[in-house]
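Novice: My questions will all concern the structure given below.
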Amino acid sequence: MASELDMRATGRDRSRMPDGKHDSLSLIAGYSDMRLVEAPPEMSFRRMFGLALRTWPYMRPMLVHIVVVLAFIFSGSVAGLVGFFVGVDLMHNKVLLGEKLQPIQATVLFVGDEYVTTDPKKLGQIRRSKTKGAGGKKTGVATAAATEGGKAATPVEPELTQDQRRTVRNRLLMWGVVGGVFGGLFGAVFGYYTMWVWQCVNQNLRVAMIERAESLSLKYHDNSRVGDAIFRVYQDSAMIVNLIQSAIIAPAMTIYGLVIGIGIVAAFDPWFAAMVVLVAVPVGWTIVKSTPRIRRRALVNRVANSRLTSRIQEAFTAVKVVKANRAETRIFKQFDEDSRDALSAAYFLRLDMVLVTLAVALLGASLVIVGEYLMVSWVIEQRETFLGALVAGVIGFVIWNYGAVEIARGRLGGLAGSARGLLGIWMRMQDLFLALERALFLLDLEPDVTDPPDPVPFPAPIETVAWRSVRFGYEAGKDVLVEVDLAASAGTVTAIVGGTGAGKSTLMTLLLRLYDPGEGAVSINGVDLKDMAVSDLRAHVGIALQKNVLFAATVANNIAFGTPNADRAAIERAARVACADDFILEMANGYDTELGERGGKLSSGQRQRLSIARAVVRDSPVLILDEPTASLDARTEQRVLANLAEWGRDRVIFLITHRLSTIKNADRIALIEEGRIVEYGTHDQLIADADGRYRAFVDAETVGSGAG
């Protein structure tokens, strides 16, 4: 699924200026190209839920910590909401307007009963009963006007004195300082703890992706770019953290804020709730219509950055080839093109997000403006709030006053902000789940080579290695090996020779089970390799590849790569067999000398000898040497081959080589042509046939090398 989407995302004509020259990054060129947004991938709620559910195995080890994080977030939001309400009421209604405190507020501020309202349940009625003098001005007296019918006036509760107001203000500031210090310290610790939890979850997924990538057959790696796998493992896998934060916690908190906000404004007046619902209709329509475009932009952005990563990886890997062929300009041009694609894709994605967010923000602003007008009108009228009397024992919002306006205004603004936030979350979720799908795609791939249900142990001692009627091709209908029959016994060296592309290396990859034959069987002591565990088989088959891959580590660590338990004595013995000990001991720190990236400090011959030593140190009963002496001089080659013959007396050794000097020393020679073994025997036997194919092969190699 992900690979198909990747191809669709990049299946477009990349128009360029002549010779790849660009004066500057284009601002909007290409933005209106609808090919970037057509046929967006499906991403239903059901699919999102399925992708989220598949991340559970990587979250499960951190479940306790995740629950703790969520509990703190929820409890903190509730405490913050309560503290906000109480603080606004204290500052606006008590400190600024001088109203008496509710009992709970007095307790929290450590003040006496003289600060407390006498009857908070009738507070709204008391406020409304304050009389107005001539011309509608407040009298300022402490008694209310007589009601209709000549009933006695309701006494007006005295306000806080100036000293009491200052006391309330100071106590409120004290709590603010205490809360700020505690909140800052707790926030720092909690932030570090939260980051540790999320990164542990990400680590679990990354490790699983690397394990799966390493377990896949060479068929996948041969057809995939390394940079794409790097981007999936490093960038796409990080979306599991965003899944928790942006697809679980953030939506839950935003929806929680929306529900609380709607409830609060409805408690002030139901008309506010009706207005919110009315605005939600065009907001929802905008989100639905924009989602496919955002989804497509997100996919194009991911694929473009994956291609850029591949380009960077290839440029640095081939740096010697680039310099030797003076191809820097071409590499720069290719990088410039891919980099511009990635920048444009990221820019256009964010541009679309901004445009959609702007539309929703305008709708939210309209809600706030209308709400402001209504609130001011109700304050002038001293209109009662809808459910204010129910909480009069805690806060004083029984009628529309300064504090009520501040709370309602904040909630309306918060609702508009929450709508924008929810939109942003939804748009980021499109990118998130597309990236998550790309990450899980790697985990969905099944290895072509797998272990049997009940693997048999590797047979010991080794006696024979055999290929029986083997047929194999990398692609259907294109055989590389055809009806191959070959056997080698312990204590022998078998040379596999033939022209380029004849199938020599492919034959050995079947012995390592890097691939399985399409027909026939490869066996050891008569046991089919498919009946053995892959790890067990490869633990008993050593190989020195033609391409000598070394790492930025010590010489000893490079030799012991793949054999971590090898001691120093075994490492040194392997180096002596490979004739590598002489140049190693000449290094500044001997076996502890640090090599450069990919062994760049060594000559090709030295790297090749370290590769042979790496294969020898494994002490495996089967050894494969792919062009083991191609970079060695004749004298060193003879020494290495003599050492290998002595070392391999009870082992099976295969040599893949073109060098006649190497071939002659082999016990048996198998000549492969077009995937078939056409001749097999000793050098003397095969060379004696003047019309034989081996004789023709040797003559061609001799002429090609300029010998004789």
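The values are calculated or read from the model by the stated rules, or taken from the named source; none is laboratory data. All values reported here derive from a predicted model rather than from experimental measurement. Neighbour counts run over all protein chains shown; Cβ positions are idealised from the backbone, glycine included. Quick note on the areas: whole protein, heavy atoms, side chains included, nothing else; ligands and nucleic acids left out. Shrake-Rupley method; radii C 1.70, N 1.55, O 1.52, S 1.80 Å.
Novice: Is it the case that Leu423 is at pLDDT below 75, under 44 Å from the mean Cα position of the chain (by Cα) and open to solvent by less than 20 Å² (accessible area, probe 1.4 Å)? Working first, answer last.
Specialist: Numbers: at pLDDT below 75: no; under 44 Å from the mean Cα position of the chain (by Cα): yes; open to solvent by less than 20 Å² (accessible area, probe 1.4 Å): yes.
It is false that Leu423 is at pLDDT below 75, under 44 Å from the mean Cα position of the chain (by Cα) and open to solvent by less than 20 Å² (accessible area, probe 1.4 Å).
Novice: For the condition in a helix (DSSP H, G or I) and either at pLDDT 80 or above or among the charged types (D, E, K, R) (or both), what is the one hit in Val281, Val322?
Specialist: On the way: Val322 fails: either at pLDDT 80 or above or among the charged types (D, E, K, R) (or both).
Of the residues listed, the single one that is in a helix (DSSP H, G or I) and either at pLDDT 80 or above or among the charged types (D, E, K, R) (or both) is Val281.
Novice: On to the next question. Looking only at the range 167-195, which residues are touching a residue at least 60 places away in the same chain (Cβ under 8 Å) and open to solvent by 70 Å² or more (accessible area, probe 1.4 Å)? Talk me through it step by step, then tell me what you get.
Specialist: So the first thing to find is which residues in the range 167-195 are touching a residue at least 60 places away in the same chain (Cβ under 8 Å), and the list is 168-169, 171-172, 175-176, 179, 190, 193-194.
Matches in the range 167-195: Arg169, Arg171, Trp175.
Novice: How many of the residues making up the range 401-437 are part of a helix (DSSP H, G or I) and among the polar types (S, T, N, Q)?
Specialist: Initial filter on the range 401-437 (part of a helix (DSSP H, G or I)): 402-437.
Then drop every residue that is not among the polar types (S, T, N, Q), which leaves 418, 430.
Adding up the residues that qualify gives 2.
Novice: With over 30 Å from Ile287 (Cα atoms), surrounded by fewer than 22 Cβ atoms within 10 Å (Cβ to Cβ) and of a type in the set (Phe, Trp, Tyr) as the only criterion, which of Phe472, Phe458 stands out? If you could, list the steps in order and put the result at the bottom.
Specialist: Values: Phe472 fails: surrounded by fewer than 22 Cβ atoms within 10 Å (Cβ to Cβ).
So the residue among Phe472, Phe458 that is over 30 Å from Ile287 (Cα atoms), surrounded by fewer than 22 Cβ atoms within 10 Å (Cβ to Cβ) and of a type in the set (Phe, Trp, Tyr) is Phe458.
Each row is one residue, and each column tells you yes or no for (1) of a type in the set (Phe, Trp, Tyr); (2) modelled with pLDDT of 50 or more; (3) farther than 25 Å from Leu90 by Cβ.
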{"residue": "Val141", "(1), (2), (3)": "no, no, yes"}
{"residue": "Ala146", "(1), (2), (3)": "no, no, yes"}
{"residue": "Ala152", "(1), (2), (3)": "no, no, yes"}
{"residue": "Gln164", "(1), (2), (3)": "no, yes, no"}
{"residue": "Val168", "(1), (2), (3)": "no, yes, no"}
{"residue": "Gly179", "(1), (2), (3)": "no, yes, no"}
{"residue": "Gly184", "(1), (2), (3)": "no, yes, no"}
{"residue": "Ala188", "(1), (2), (3)": "no, yes, yes"}
{"residue": "Val197", "(1), (2), (3)": "no, yes, yes"}
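Novice: Working only within the range 264-284, note down all residues that are touching a residue at least 40 places away in the same chain (Cβ under 8 Å) and more than 39 Å from the chain's Cα centre (by Cα). Quick ask: steps written out before the conclusion?
Specialist: Here is the first cut: in the range 264-284, the ones touching a residue at least 40 places away in the same chain (Cβ under 8 Å) are 264-272, 275-276, 279-280, 282-283.
Answer for the range 264-284, where residues must be touching a residue at least 40 places away in the same chain (Cβ under 8 Å) and more than 39 Å from the chain's Cα centre (by Cα): Ile264, Val265, Ala266, Ala267, Phe268, Asp269, Pro270, Trp271, Phe272, Met275.
Novice: So, one more: Given the options Arg46, Arg60, name the one that is closer than 30 Å to Leu299 by Cβ, at pLDDT 85 or above and surrounded by fewer than 13 Cβ atoms within 10 Å (Cβ to Cβ).
Specialist: On the way: Arg46 fails: at pLDDT 85 or above.
Checking each option against the conditions leaves just Arg60.
Novice: Return a yes/no flag: does the range 504-518 have any residue that is closer than 16 Å to Asp448 by Cβ and exposed (fewer than 15 other Cβ atoms within 10 Å of the Cβ).
Specialist: Taking every residue of the range 504-518 in turn, at least one turns out to be closer than 16 Å to Asp448 by Cβ and exposed (fewer than 15 other Cβ atoms within 10 Å of the Cβ).
Novice: Let me ask you something else. Residues in the range 565-583: is at least one within 29 Å of Phe316 (Cα to Cα) and buried (at least 18 other Cβ atoms within 10 Å of the Cβ)?
Specialist: Kept after step one, since they are within 29 Å of Phe316 (Cα to Cα), are these residues of the range 565-583: 580, 583.
Still in the running and buried (at least 18 other Cβ atoms within 10 Å of the Cβ): 580.
Yes, the conditions are met somewhere in the range 565-583.
Novice: Out of the range 492-544, which residues are closer than 22 Å to Tyr680 by Cβ and of a type in the set (S, T, N, Q)?
Specialist: Thr492, Thr494, Thr500, Ser505, Thr506, Thr509, Ser523, Asn525
Novice: Here's something else I'd like to know. Among the residues of the range 589-634 satisfying the criterion of being open to solvent by less than 30 Å² (accessible area, probe 1.4 Å) and among the hydroxyl-bearing types (Ser, Thr, Tyr), which is modelled with the lowest pLDDT?
Specialist: Here the residue is Thr629.
Novice: While we're on this one: In this structure, is Val356 part of a helix (DSSP H, G or I), under 19 Å from Gly414 (Cβ atoms), in contact with a Ser or Thr (Cβ under 8 Å, 6 or more places away or on another chain) and at pLDDT 80 or above? Even if it seems obvious, please write down each step before you answer.
Specialist: Details: part of a helix (DSSP H, G or I): yes; under 19 Å from Gly414 (Cβ atoms): no; in contact with a Ser or Thr (Cβ under 8 Å, 6 or more places away or on another chain): yes; at pLDDT 80 or above: yes.
In short, no.
Novice: Name every residue in the range 78-112 that is open to solvent by less than 60 Å² (accessible area, probe 1.4 Å) and under 43 Å from the mean Cα position of the chain (by Cα), in order of residue number.
Specialist: Val78, Gly80, Leu81, Gly83, Phe85, Val86, Gly87, Val88
Novice: Modelled with pLDDT under 85, of a type in the set (A, V, I, L, M) and under 15 Å from Ala495 (Cβ atoms): which single residue out of Leu655, Leu671, Leu660 fits that description? Step through it out loud before you land on a result.
Specialist: Values: Leu655 fails: modelled with pLDDT under 85; Leu671 fails: modelled with pLDDT under 85.
Residue meeting the stated conditions: Leu660.
Novice: With a cut-off of at least 2 residues that are basic (Lys, Arg), name the helices (runs of 4 or more DSSP H) lying wholly within the range 597-681. Lay out the reasoning, then the answer.
Specialist: Details: elements: 604-616, 634-647, 660-664.
Correct list: 604-616, 634-647.
Novice: Please work out if Asp479 is closer than 24 Å to His540 by Cα, open to solvent by 10 Å² or more (accessible area, probe 1.4 Å), in contact (Cβ under 8 Å) with a residue 12 or more places away in the chain and of a type outside the set (S, T, N, Q).
Specialist: Details: closer than 24 Å to His540 by Cα: no; open to solvent by 10 Å² or more (accessible area, probe 1.4 Å): yes; in contact (Cβ under 8 Å) with a residue 12 or more places away in the chain: yes; of a type outside the set (S, T, N, Q): yes.
Considered against the rule, which asks whether it is closer than 24 Å to His540 by Cα, open to solvent by 10 Å² or more (accessible area, probe 1.4 Å), in contact (Cβ under 8 Å) with a residue 12 or more places away in the chain and of a type outside the set (S, T, N, Q), Asp479 comes out as no.
Novice: Has the range 641-653 got at least one residue that is crowded, with 19+ Cβ neighbours inside 10 Å, touching a residue at least 24 places away in the same chain (Cβ under 8 Å) and charged (D, E, K, R)?
Specialist: Taking the range 641-653 as the starting set, the residues that turn out to be crowded, with 19+ Cβ neighbours inside 10 Å are 641, 644, 648, 651-653.
Now restrict to residues that are touching a residue at least 24 places away in the same chain (Cβ under 8 Å): 641, 644, 648, 651-653.
Imposing the further condition that a residue be charged (D, E, K, R) reduces the set to 651.
Looking through the range 641-653, at least one residue is crowded, with 19+ Cβ neighbours inside 10 Å, touching a residue at least 24 places away in the same chain (Cβ under 8 Å) and charged (D, E, K, R).
Novice: Give the residue, chosen from Ile287, Ile294, that is touching a residue at least 24 places away in the same chain (Cβ under 8 Å), more than 23 Å from the chain's Cα centre (by Cα) and buried (at least 17 other Cβ atoms within 10 Å of the Cβ).
Specialist: Numbers: Ile294 fails: more than 23 Å from the chain's Cα centre (by Cα).
Testing whether each residue is touching a residue at least 24 places away in the same chain (Cβ under 8 Å), more than 23 Å from the chain's Cα centre (by Cα) and buried (at least 17 other Cβ atoms within 10 Å of the Cβ) leaves just Ile287.
Novice: Give the residue that is surrounded by the fewest Cβ atoms within 10 Å (Cβ to Cβ), with candidates limited to residues of the range 657-684 that are free of Cβ contacts under 8 Å to residues at least 24 places away in the same chain and more than 51 Å from the chain's Cα centre (by Cα).
Specialist: First pass over the range 657-684, keeping only residues free of Cβ contacts under 8 Å to residues at least 24 places away in the same chain: 664, 678-679, 681-684.
Cutting the leftovers down to more than 51 Å from the chain's Cα centre (by Cα) gives us 664, 679, 681-684.
Values: Lys664: 15, Glu679: 18, Gly681: 16, Thr682: 13, His683: 18, Asp684: 8.
Once the filter is applied, the top-ranked residue is Asp684.
Novice: Do we have any residue at all in the range 687-704 that's among the hydroxyl-bearing types (Ser, Thr, Tyr), out of contact with any strand residue (DSSP E or B) (no Cβ under 6 Å at 6 or more places or on another chain) and in a helix (DSSP H, G or I)? Working first, answer last.
Specialist: Restricting attention to the range 687-704, the residues satisfying the condition of being among the hydroxyl-bearing types (Ser, Thr, Tyr) are 694, 702.
Subsequent filtering for residues that are out of contact with any strand residue (DSSP E or B) (no Cβ under 6 Å at 6 or more places or on another chain) retains 702.
Right, trim to in a helix (DSSP H, G or I) and you get 702.
Yes, the range 687-704 has at least one match.
Novice: For the range 11-23, state whether one or more residues are in contact with a Gly (Cβ under 9 Å, 6 or more places away or on another chain) and either at pLDDT 85 or above or part of a helix (DSSP H, G or I) (or both).
Specialist: For the range 11-23, residues in contact with a Gly (Cβ under 9 Å, 6 or more places away or on another chain) and either at pLDDT 85 or above or part of a helix (DSSP H, G or I) (or both): absent.
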